[in-house]
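As structure tokens, the structure follows; a few thoughts come after it.
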Amino acid sequence: MKSIRADYDKETQQTTVKEGAKPEDWVKVCTRYNDDVHRILDVESIEGFTALYRCFDDDNREAFYLVNEDKSLFRLRRKHFLRNIGKG
């Protein structure tokens, strides 16, 4: 799954691709943020991306990423959930 760093204005709820940002693998981004990632809204205005996520680093600073969600994300979420409850 692809993702890219984004800017998000909470007041106007406008999302734009961060200047100079390059596409990244979403799984690697999640790992970098210790899976402290939260889906905050659907994205329809930016072609190739379906959702906006807020990620928190170890110092609780937030970063936003546009993500192109696909079936592999839902499989990954299920695998992670099962591992957390001791079944995976």
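Read-outs throughout are calculated quantities, based only on the coordinates presented, and are distinct from any laboratory measurement. Small disclaimer: the values here were computed from a predicted structure and weren't measured. Methodologically, a virtual Cβ is constructed for each residue, glycine included, from the backbone with ideal geometry; neighbour enumeration extends over all protein chains shown.
Net charge around Pro23, counting only other residues with Cβ within less than 10 Å of its Cβ (Lys, Arg = +1; Asp, Glu = -1)?
Numbers: positive: Lys2, Arg5, Lys22; negative: Glu24, Asp25.
Here the charged neighbours net out to +1.
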For region 8-62, what mean projected area does the convex hull of the alpha carbons give, in nm²? 4.3
Cβ-based net charge around Asn60, under 14 Å, with every Lys or Arg adding one and every Asp or Glu removing one: -3
